[in-house]
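The values are calculated or read from the model by the stated rules, or taken from the named source; none is laboratory data. Bear in mind that the values here come from a model prediction, so they are computed numbers and not experimental data. Ideal geometry is used to build each Cβ from the backbone, glycine not excepted, and the neighbour counts take in all protein chains shown.
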Ligand SMILES: C[S@@+](CC[C@H](N)C(=O)[O-])C[C@H]1O[C@@H](n2cnc3c(N)ncnc32)[C@H](O)[C@@H]1O
C-alpha cells in the first residue's frame, strides 16, 4: 500500500525513527535480539524503509543486503546512505509492491529475510510468504514484526476478532497528523499464512520496551510494559 507517511514524509520518518520510543526503543531492539549471527549472510529486507536495518545488518557483518520497498523515496534514501557509507557494493535497493511477492528474487538465494513493520500493509500475506519460502535457502530464517493482533483489535469496527479489516487512522509519528491505512488480522491468520507456505515458527516475542524509555516518557514506559504493541515471529525453512 502506497502511503504518504513513507513517500511524502520519507525523510521526516527517517529522522524520527532514529531514536523514538516505538521503533528505536521497542521494535528494533526486540527484533535484533532474535537475529542469528549475521557474518557473511545474504539478507533480504522487505519494507526496508530508510535503511536503518540495512545499516545494522552490515555493521554486524552481513555480506550483502537487498532492500525492497514500495516507496521510491525510501529506496533513494537507502541508496544515498549506502553511497555515503561507502558500502554501495553491499546494498541492492529497488522499489516494488510486495503484495505480489518477490518476482525479482532467485530460488534458494537468501540466508535470511527480515520484514520489520511491513506485513500489516498487505491484504493477503500468502503471495509474499510463499515467495519468502521459495527464496530462502534450506535452514534460512524469516524474522518479522507487525502490529500485535490484540492491540489492533481495539480499532475493530466489526467487533469480530477473526475478520480481517482495513483500518484507517491518523498518526502523529512525524510531528504532524498523517492518514495511514493498514490491515488488522487475527494471530491465526498470520500463523496459518506462515505454516501453509512451509515456514516453521521457531520463536514468538511480544516485544520488550527498553529501560531507557522510563526517563524519556514514564507514562508510555508503563503502558508498553503492561500492553503488547507489536508481535515478533521467527520462522525457518527446514
Ligand atoms: C513502518 S515502515 C518500516 C520501515 C522499516 N522496516 C523500519 O523498520 O524502519 C513500513 C514500510 O513498509 C513499506 N510498505 C508498505 N506497503 C508496502 C508494499 N505493499 N510493498 C512494499 N513496501 C511496502 C512502506 O513504504 C514503509 O517504508
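Checking each residue in the range 106-123 for being surrounded by fewer than 19 Cβ atoms within 10 Å (Cβ to Cβ) and away from the ligand (no atom under 11 Å from the Cβ) picks out 106, 107, 108, 109.
Residues that are surrounded by fewer than 23 Cβ atoms within 10 Å (Cβ to Cβ), within 12 Å of the ligand (Cβ to nearest atom), under 18 Å from residue 113 (Cβ atoms) and within 13 Å of the chain's Cα centre (by Cα): does the range 32-39 have at least one? Checking the range 32-39: at least one residue is surrounded by fewer than 23 Cβ atoms within 10 Å (Cβ to Cβ), within 12 Å of the ligand (Cβ to nearest atom), under 18 Å from residue 113 (Cβ atoms) and within 13 Å of the chain's Cα centre (by Cα). Is at least one residue of the range 105-114 within 16 Å of residue 74 (Cβ to Cβ), touching a helix residue (DSSP H, G or I) at 6+ places or on another chain (Cβ under 8 Å) and in contact (Cβ under 8 Å) with a residue 24 or more places away in the chain? Looking through the range 105-114, at least one residue is within 16 Å of residue 74 (Cβ to Cβ), touching a helix residue (DSSP H, G or I) at 6+ places or on another chain (Cβ under 8 Å) and in contact (Cβ under 8 Å) with a residue 24 or more places away in the chain. Take the conditions (1) out of contact with any helix residue (DSSP H, G or I) (no Cβ under 7 Å at 6 or more places or on another chain); (2) in a helix (DSSP H, G or I); (3) more than 9 Å from the ligand (Cβ to nearest atom); residue 53 misses just one of them, which is (3).
Among (1) at pLDDT 95 or above; (2) touching a strand residue (DSSP E or B) at 6+ places or on another chain (Cβ under 8 Å); (3) within 12 Å of the ligand (Cβ to nearest atom), there is one condition residue 20 misses while meeting the rest; what is its number? Every listed condition holds for residue 20 apart from (2).
Scanning the range 57-77 for residues that are without any contact (Cβ under 8 Å) to a residue 60 or more places away in the chain and within 10 Å of the ligand (Cβ to nearest atom) yields 67, 68, 75. Could you tell me whether residue 191 is in a helix (DSSP H, G or I) and surrounded by 12 or more Cβ atoms within 10 Å (Cβ to Cβ)? Answer is yes for this residue. Here residue 129 passes the criteria (1) farther than 22 Å from residue 188 by Cα; (2) away from the ligand (no atom under 13 Å from the Cβ); (3) in contact with a helix residue (DSSP H, G or I) (Cβ under 6 Å, 6 or more places away or on another chain) except the one numbered (1). For the range 192-210, the set of residues classified as closer than 21 Å to residue 153 by Cα and free of Cβ contacts under 8 Å to residues at least 24 places away in the same chain consists of 192 only. Of the residues that make up the range 149-167, is at least one without any contact (Cβ under 8 Å) to a residue 12 or more places away in the chain, in a helix (DSSP H, G or I) and over 30 Å from residue 106 (Cβ atoms)? Taking every residue of the range 149-167 in turn, at least one turns out to be without any contact (Cβ under 8 Å) to a residue 12 or more places away in the chain, in a helix (DSSP H, G or I) and over 30 Å from residue 106 (Cβ atoms). Assessment of the range 84-97 against the conditions (more than 12 Å from the ligand (Cβ to nearest atom), over 16 Å from residue 144 (Cβ atoms) and crowded, with 22+ Cβ neighbours inside 10 Å) yields at least one matching residue. If I ask for residues that are touching a strand residue (DSSP E or B) at 6+ places or on another chain (Cβ under 9 Å), farther than 20 Å from residue 102 by Cα and not in a helix (DSSP H, G or I), which ones from the range 57-84 would you list? Selection gives 62, 63.
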